[in-house]
């Protein structure tokens with residue numbers, strides 16, 4: 001089997017001492033970069049590019065890829081400990097991860113994040129290795145109607161994230177859609193909701209809103225009470241600082257869920273790790289026996305999105321390496337890097353440069369193992385961060401938030417936006433509006449509108465294109481079903497009450 | 001003795017003249033401002049330029065890239081305007097800097113408010129279809145578009161991008177009509193073409209290279225003045241019989257307002273020297289750019305012509321211009 | 001599970017969101033709804049604005065219909081503490097330009113520790129200086145991530 005032969009060759013390349021070293025450097029750097037909110041793999045890789053000119057290409061791509069998937073491991077750290085999303089893919093991890101930390105289960109949360117990342121990351125590489133060409137063809141068949149249906153399905157999950165009041169959750173999601181519209185319309189170059197500010201012409205950065213609505217709002221809410229000095233209990237003993245066997249059992253489906261959804265969504269050029277993690281979280285919640293507890297600190301709620309954003313890496317490399325099409329920001333830079341070194345990713349890349357491709361694949365297996373070994377022992381260490389007195393921790397969270405936002409674009413205006421959204425997030429908490437739907441609406445809004453308009457342009461105005469194509473029809477039906485589930489629940493409750501009273 | 005001292009005085013005078021002609025020299029690290037984040041098109045070019053400058057030892061100081069993303073280029077332009085009279089800050093502009101002020105009222109600065117220094121490159125493009133498309137020439141596509149107005153589709157960027165400009169010019173000159181569907185990223189545009197969801201696209205030659213080599217894409221024509229070295233068979237628009245102007249995609253350098261004349265001259269000469277270096281020549285050959293060097297005065301003229309023509313094209317296309 | 005308490009917040013937020021929905025609809029009408037090539041920039045905003053208006057009306061109505069007498073009072077003290085922290089944060093960001101991150105952040109930390117948590121002033125000063133220095137050393141020095149710099153250069 002040529003795959004086996006290729007892989008063996010790949011390991012020969014990846015296990016060369018120099019390449020092993022680059023792999024380690026890459027994953028270590030990636031972990032650090034992922035932990036820091038704001039600064040992300042694209043910026044880091046771009047800054048390291050000039051240094052890679054004199055390296056051998058195999059070592060260079062191994063290192064850069066290591067940064068890419070290593071960052072996904074680190075991104076969950078601040079999400080869990082501080083409710084500060086490390087990057088846009090880690091936003092969903094905040095939902096249950098931080099709640100687990102509040103209950104003294106930061107260690108298990110961090111641990112399961114690392115384990116899920118390892119499992120799903122490895123599955124992602126397996127997928128890249130085994131099914132890349134057919135997946136790439138499948139991804140090409142995905143067009144705007146399918147993207148619209150996918151995003152609608154994602155948005156329908158709002159209902160599952162609703163908590164007590166569906167009306168408020170929907171309103172939050174609509175506000176998210178509104179924020180996503182701020183900026184210049186791609187199709188007509190019209191400025192929408194920019195209030196005359198030129199900084200808003202390119203829209204509002206997702207990370208800024210997420211950090212404001214999650215982290216800042218959380219700190220402000222905690223400021224209300226002065227009395228508690230050690231808010232977050234950290235249990236002693238190594239046993240309590242890592243996931244238990246029961247935890248691992250609970251996450252069985254989450255591992256599968258995260259791996260599959262992350263890989264498939266990552267392979268779509270219009271997909272991304274944010275959508276993948278939301279979909280995976282939503283699916284996990286839909287099938288979990290304890291779905292009402294999601295959002296209060298359920299471990300599968302951490303495992304699923306964390307797995308998804310890691311296998312997404314493998315998925316995103318599928319269109320890049322089989323077709324030369326970059327799917328996301330980071331893959332675009334990897335493309336630029338490959339071009340810079342004289343390789344041209346495209347359909348002929350793998351046949352013409354098998355050593356490079358298989359070396360990369362093999363190094364990703366090795367890298368994931370390295371990351372697991374690197375991250376698990378750090379879990380108890382990181383969990384200790386929460387033993388700080390809150391009057392030290394909360395200013396720290398504020399500082400990390402501000403630095404994170406500033407490091408994205410060096411803009412004071414973004415800090416201003418952070419303030420605004422921090423206040424908004426706090427008010428939402430006081431008024432019982434769930435913030436996850438707002439973030440979901442923001443993440444999906446722009447893509448959804450674009451996909452809808454593109455679809456109608458393709459069909460010359462006929463809405464039927466959305467249901468005449470099989471894949472999009474199926475996904476839209478699922479979305480409708482998801483929206484109707486709680487309706488049934490409420491109708492049932494209403495009926496039962498009517499029966500009682502009547 | 002007198003002749004010797006005369007000679008020394010003459011030499012001293014000559015040296016003084018030479019050092020005066022040296023004039024301005026950057027005293028600290030030079031900032032090159034780009035409007036994209038790390039990894040974006042301008043950022044990659046700027047970083048490559050910084051490496052070249054160091055390799056060819058063109059400056060006594062370092063050139064460093066400063067990212068000021070946001071506002072579709074307006075934030076970077078505003079940053080430059082703030083650095084009034086600072087001779088150690090430069091900006092790498094692209095077509096976006098020229099177009100955004102035309103259509104967005106919030107972007108108040110145009111290139112005229114900054115100091116033009118030099119135009120560096122022109123980026124040609126090719127018009128491509130999927131390999132199994134029934135069109136062998138651009139004329140065949142136009143014919144098909146005329147028979148089915150509005151049904152054929154092109155994938156591209158925003159409606160002010162060069163992709164749409166080429167389409168508007170061709171539509172106006174031939175009377176054909178086809179749809180334009182915007183996608184935010186190059187990857188998505190290519191995927192739309194390769195997946196058969198659109199019929200045609202305007203694409204950079206570098207991006208198309210591998211797909212053509214693999215037999216997935218075919219080039220119908222080139223959007224450039226002369227045929228590109230790597231595409232000897234594809235006709236230019238003029239050669240193919242379409243009398244449309246080649247509206248180029250440009251990159252160049254500007255400086256903050258209020259720079260004294262000697263600084264302008266220094267920088268324009270510096271960039272001329274840069275474009276003559278072997279590393280630069282290799283870079284633009286590799287990326288299939290065209291050398292489009294113009295000095296400051298010519299750049300200013302080019303800017304006026306370009307914006308006037310863009311304004312006309314946008315108005316024809318029904319796109320509202322604000323300046 | 002229904003809310004037993006009737007929060008006045010529901011009314012105000014409902015009104016605010018209805019106003020926002022209305023504003024969005026008005027703006028959307030100024031843009032093209034359906035253009036020759038497809039939906040214009042006014043299409044999507046119109047619909048989510050309308051949905052916002054409709055849902056917030058629903059919220060207001062359901063609030064007014066709940067006749068339960070138990071109203072949760074606004075806890076002004078708590079709100080005050082949170083809002084003063086926010087205000088301090090805003091002030092410190094405003095001070096970034098003149099004073100730079102390091103100094104502004106240490107002032108903010110001092111405020112939080114001393115005023116919000118009523119710790120002894122020495123502790124507050126210690127925490128403030130240590131945190132600010134920590135940020136400077138880790139981000140600016142070790143990682144090369146620029147922090148907002150004031151007139152003093154850091």
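Readers should treat all values here as calculations from the given coordinates under stated rules, not as data from a laboratory. Computed from a prediction, not measured in an experiment: that's the story for all the values here. Heads up, the Cβs are rebuilt from the backbone with ideal geometry, glycines too, and the neighbour counts pull from every protein chain shown.
Here are a few things to note about the model shown:
- Computed extension gain for residue C:12 through residue C:143, at 0.36 nm per residue and net of the alpha carbon distance, reaches 42.6 nm.
- Summary value for the stretch A:266-395: 22 percent relative contact order, contacts being C-alpha pairs under 8 angstrom separated by 6+ residues.
- C-alpha long axis of helix C:121-135 to longest principal axis of chain C, angle in °: 80
- Euclidean distance between Cα centres, the stretch A:436-483 to the stretch A:73-121, Å: 30
- Peptide C:86-94 is shielded by partner chain Cβ atoms: per residue, an average of 5 of them sit within 10 Å of its Cβ.
- Global geometry of the stretch C:43-154, whether rounded, prolate or oblate, following the gyration tensor of its Cα atoms and the 1.5 cut on a/c: oblate
- FRET efficiency, 1/(1 + (r/R0)^6) with R0 51 Å, evaluated for residue B:297 and residue A:47 via beta carbons: 0.90
- Computed from Cα atoms, the angle from the helix B:162-174 axis to the main principal axis of chain B rounds to 50 degrees.
- Residue order for B:61, A:27, fewest other beta carbons within 10 angstrom first, comes to B:61, A:27.
- Panel note: the C-alpha atoms of the stretch B:279-323, placed on their principal axes, show extents of 42, 24, 13 Å (largest first).
- The length gained by stretching the chain between residue A:226 and residue A:468 to full extension, at 0.36 nm per residue less their Cα-Cα distance, is 81.2 nm.
- The stretch A:338-483 shape via C-alpha gyration tensor axes, a/c threshold 1.5: oblate
- To the nearest ten degrees, helix B:2-22 and the longest principal axis of the Cα atoms of chain B are 30 degrees apart.
- Computing FRET efficiency as 1/(1 + (r/R0)^6) for residue B:81 and residue B:262, where r is the C-beta to C-beta distance and R0 is 22 Å, gives about 0.55.
- Cα Rg, Dmax (largest Cα-Cα span) when computed across the protein assembly as shown, Å: 29.1, 129
- Scattering profile of the stretch C:8-65 at q = 0.27, 0.29, 0.31 Å⁻¹ [log10 I(q)/I(0), Debye over alpha-carbon scatterers]: -0.93, -1.00, -1.08
- Kirkwood Rh in Å, taken over all unlike Cα pairs in the stretch B:125-223: 13.2
- Annotation: for a label point projected 7 angstrom from Cα along Cα→Cβ of residue B:88, residues of the stretch B:24-55 with backbone N closer than 14 Å are B:25-32.
- Cβ-derived FRET efficiency at R0 35 Å, residue C:29 paired with residue A:495, nearest 0.05: 0.30
- Projected label distance in nm at residue B:24 and residue B:110, using a 7 Å step from Cα toward the beta-carbon: 2.4
- Label-to-label distance, nm, for residues given as residue A:244 and residue B:54 (7 Å Cα→Cβ offset): 5.4
- Gain on full stretching of the segment that runs from residue B:277 to residue B:147 - 0.36 nm per residue minus C-alpha separation: 41.8 nm
- Normalising by residue count, chain A has a Cα convex hull of 171 Å³ per residue.
- Between residue B:136 and residue A:488, the distance separating the two model label sites (each 7 Å from Cα on the Cα→Cβ line) works out to 5.9 nm.
- Only Cα pairs under 8 Å and 6+ residues apart enter the sum, and on that basis the relative contact order of the stretch B:29-90 stands at 45 percent.
- Across peptide C:112-118, the average count of Cβ atoms from other chains found within 10 Å of a residue's Cβ is 5.
- The stretch A:2-501 - percent relative contact order, Cα under 8 Å, separation 6 or more: 29
- Ordered by the number of other Cβ atoms lying within 10 Å of each residue's own Cβ, fewest first, A:218, B:305, A:460 fall into the sequence B:305, A:460, A:218.
- Footprinting exposure proxy for B:284, B:200 (fewest neighbouring C-beta atoms within 10 Å first): B:284, B:200
- Taking packing as the residue-averaged number of other Cβ atoms within 10 angstrom, the listed peptides B:110-116, C:134-140 run from highest to lowest as B:110-116, C:134-140.
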